[in-house]
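Asker: There's a structure below that I have some questions on.
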Amino acid sequence: MKRFLAGVALFGLVLLSACQPGETSVVGKQVETQSGAYTEISVDELQSMLRDKGTILVNVHIPFDGDIPETDLSIPFDQIDQYLAQLPADENSKIVLYCRSDRMSTIASETLVGLGYTNVYNLDGGMVDWENAGLELER
């Protein structure tokens, strides 16, 4: 009986530890640039990452065409190097960039990687894929 109770207790601890908040596991697709790499992520992966309060979500689309909920910053894609003071000083911080289709955010991702940022993510398909998944934008 004692073994049975110990087994149940151990099983319960394993279940509880699996439910604890922690690092979000995102696979994505590594994209190599001349200066390093960034990761392209899907809408589902972004939703998972947004549960991690350490993720900075940046809209780089110009002109403004709406925001994904929980967006932290709006920075023009072609001027991101001029707005570094708004981004975390820690170049290892998780930064997710997006735009309407992902063309502008790809350029901004490459720029940030070139500036030494090591934990950059780009939303593949951008706001178009977000909306196609049935998710709302803030206008």
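No value in this document is a laboratory result; all are computed from the given coordinates. Remember, predicted model here, so these are calculated numbers, not experimental data. Ideal geometry is used to build each Cβ from the backbone, glycine not excepted, and the neighbour counts take in all protein chains shown.
Asker: With a sphere of radius 12 Å drawn around the Cβ of Leu50, what net charge do the other residues whose Cβ falls strictly inside it have (Lys, Arg +1; Asp, Glu -1)? Numbers along the way, then the final one.
Answerer: Numbers: positive: Arg51, Lys53, Lys94; negative: Asp44, Glu45, Asp52, Glu70, Asp72.
Here the charged neighbours net out to -2.
Asker: Work out how much length Leu137 to Lys53 would gain on full extension: take 0.36 nm times their residue separation and subtract the Cα-Cα distance, in nm to one decimal. Let's see the in-between values first.
Answerer: Working: separation 84, 0.36 × 84 = 30.24 nm, distance 1.96 nm.
Answer, rounded to one decimal: 28.3 nm.
Asker: A further question follows. For the stretch 24-132, what class follows from the C-alpha gyration tensor (a ≥ b ≥ c being the square roots of its eigenvalues): rounded when a/c is under 1.5, otherwise prolate if a/b is larger than b/c, else oblate? All intermediate terms of the calculation are to be shown ahead of the outcome.
Answerer: Numbers: a/c = 1.29, a/b = 1.11, b/c = 1.16.
Cα axes put the stretch 24-132 in the rounded bin.
Asker: If Lys and Arg each add +1 and Asp and Glu each add -1, what is the summed charge of the other residues whose beta carbon sits under 13 Å from the beta carbon of Gly114?
Answerer: Working: positive: none; negative: Glu32, Asp81, Glu91, Glu110.
Neighbourhood net charge equals -4.
Asker: Quick check: residue separation of Ile62 and Thr33 times 0.36 nm, minus the Cα distance between them. What number comes out in nm? Can you show the working numbers first?
Answerer: On the way: separation 29, 0.36 × 29 = 10.44 nm, distance 2.33 nm.
Working it through step by step, the gained length comes to 8.1 nm.
Asker: All other residues with a Cβ under 11 Å from the Cβ of Leu137 taken together, and with Lys, Arg as +1 and Asp, Glu as -1, what is their net charge? Provide the component values of the computation, followed by the final result.
Answerer: Numbers: positive: Arg100, Arg139; negative: Asp65, Asp67, Glu131, Glu136, Glu138.
Net charge in that neighbourhood comes out at -3.
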